[in-house]
Every structure is written in structure tokens, then in C-alpha cells.
Amino acid sequence: MAKPTKKDAYIENPDIFIKLMNVIDSFIKQNNDNVTKVDEWVFDVENELQKTKELLEQRLSDARIKLENADRSLQLCLDIPTFDSEGRPKQKDCSSEKSARMRSKRQVDVAQKNLNSMNELLRYAQRFAKKYNDKKQKFMHLLDNKLPSNINELHKHHQIMQEYQNLNT
Amino acid sequence: MANSDSNKRNNSSNKIESINPLVDPFHEPCFVFFKELDKVEDMWNDSASNSFRHEVTEYSRKTTKEYLEAVNNIFESYSAILSEAQKLKKWNAGFGQWMSFLDLSVVAERGISRLFFNRDDHRF
């Protein structure tokens, strides 16, 4: 018997619909699991980024408190008058307080800068997440709606094929 | 020895190259799925099969490809962002250490180089 040409309508194996339904079903299940794993990884990274942000916020808060204390110490040093042995006002040496205040100010500046950088990283992360979620939504539509609907169509084809085969027996 | 080399070559041609831990698990199910769908043309030919090829095979291939590219992108960009965030956690972060520009090439390619290259160098 001559093999059907491309112009002819034919089905080589009546079980093709069952096979396709199984393949599609397996694809849906496996990829649903894989998407869940991707989502878990994304969540873990986002959680880690959030924790880093909280740590940097805490560091900034600590640095500010340290700066306030250094300010108070310096002010105290400047405000309390000192006198020499003969009772004349003496200029007090507050260099160590000034130096401590400068170090604290640097720490605040750096902590603020690091937090700003972290916030910027988070904004970029949000942008990347949005791009990913757009594509994920489309893929999930394929897995949850489109392919199950295609399975239903294949099921109808399979039923028609069975009815046709029953007619011939 | 020659056989062993030949086997290695055959195995490597069958095995899909690893990309990253997020994308890799999709390889096998996608490979099997599209291999089976591609066989449809030879086994089933009528107007319904044409519609199937267009509606299922082509659409699924396009959507899956786009999704896997998105997975790959988020893996690379998130890994780079996480690596930068880890550096900010270090006790000396912002106190003058140089950023690792080479590690950032992936992120830089995606247009966020400004973030890192404009960062002030706090060396006191």
C-alpha cells in the first residue's frame, strides 16, 4: 500500500492522540514543579536582599546614634569652661572629641551611601522581577489554560477516532 | 581509546549543555515534549493537525523559549545583585574598597552599570 502523500489526510497511528495527551500532561506537571522551584529561588534571593536592607538600615540608625553621642560629647567639652592655675580662662583641648565626631560623621555618611546603593539595587531587582513575571504569566497561561484546553481537543479527536474504528469492526 | 572518545562525543551530543540551576531542570521535559510534537507532522495530517501544529507546537515553543530566557535573565541579574548586596554587608563596605567590575559585567550589560560605576569611592 502506498504511503499517504502530504496532500492526503491520514492518521498513521490511532493512539497518537493518547500519546500527545500524555506528553502534554507530563509537560504541564513537570514544568509546574519547575516554575515553583524558580519562584522559591526568586523568593529566597528577594528575602536575602530585604534582610540586607534591614541590616543596612540598622547600621545607619546605630551610626546616627553614635554621631549624636559624639556631638553631645563635643558640645560638653566646648561648653564647660576651664581655667589655668591662676584662675584665668583656658582654651580647652577638644581635639579627641572633634576627631571622634568626624569619625562618626563618616560612618553615618558611609552607612547612608550603602543604604542608598541597596535601595537602588532593590529597585533594579523589582524591574527584573517585573520582566520575569510578565513572561511567567504568559507561560502559566500556557500550562494552566491553553494546554489543558488542547488536551480536551485531542480527547475529542480520540473519541471520534474510536467511533470511526468501531464502525469499521 | 578511540571508542571511548567516540562514546564521549555521542554522549555529549545527546546531553544538553548545562546553563544554570534554574534553567537546567526544564531541559529534559522541554526536549521530550517538543520532540514528540515535532513527530506529529509525520503521523497525523489533516486540517486539525495543521491547527494543532500552529496552536500548540509553535505557540508553546515561542512561549516556552521566552519564559526560559526570562528565567535565565533573572538568574543572572539576581545573582549579580545579590553579590553586590553581600559586599554592602561587609564591615568595610563603602570605606574605599574597589568594586569587582568584572563580576558585574552581566548586570552592566543590562544597563545598570551607572549604579556601580558612579559609586563614590569613600577613602578617608
Arranged by the count of other C-beta atoms within 10 angstrom, fewest first, what order do A:His158, B:His54 take?
-> B:His54, A:His158
Collect residues whose amide H, placed 1.01 Å from N in the peptide plane, falls under 5 Å from the amide H of A:Tyr10; neighbours closer than 5 in sequence don't count.
-> B:Asn45, B:Asp46
Please identify the helices of chain A, taking whole runs of DSSP H, that span at least 27 Å along their own axis as judged from the Cα atoms and have a mean Kyte-Doolittle score of -1.0 or higher.
-> A:16-79
Inter-chain Cβ neighbour average for residues A:11-21, partner chain, 10 Å | 3
With θ set to phi - 60°, apply the Karplus curve 6.51 cos²θ - 1.76 cosθ + 1.60 along the range B:77-92 and write out the HN-Hα couplings as whole Hz, x wherever there is a Gly or Pro.
-> 5, 5, 4, 5, 5, 5, 5, 5, 5, 4, 5, 5, 6, 4, 4, 9
Quickly work out the B:Glu69-to-A:Arg88 label distance, labels modelled 7 Å from Cα along the C-beta direction, and quote it in nm with one decimal.
-> 8.3
Within 10 Å of each Cβ of A:104-116, how many other protein chain Cβ atoms are there on average?
-> 3
In whole angstrom, note down how far apart the Cα centers of the range A:56-73 and the range B:27-52 are.
-> 66
Here the whole-number average of other chain Cβ atoms within 10 Å per Cβ of B:21-34 is 4
Distance (nanometres) between label positions extended 7 Å along Cα→Cβ at A:Met161 and A:Arg103 | 8.0
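Quick note: the coordinates plus some simple rules give every number you see, no bench work behind them. Not measured: the values here are computed from a predicted model. Every residue, glycine among them, receives a Cβ derived from its backbone with ideal geometry; neighbour counts consider all protein chains shown.
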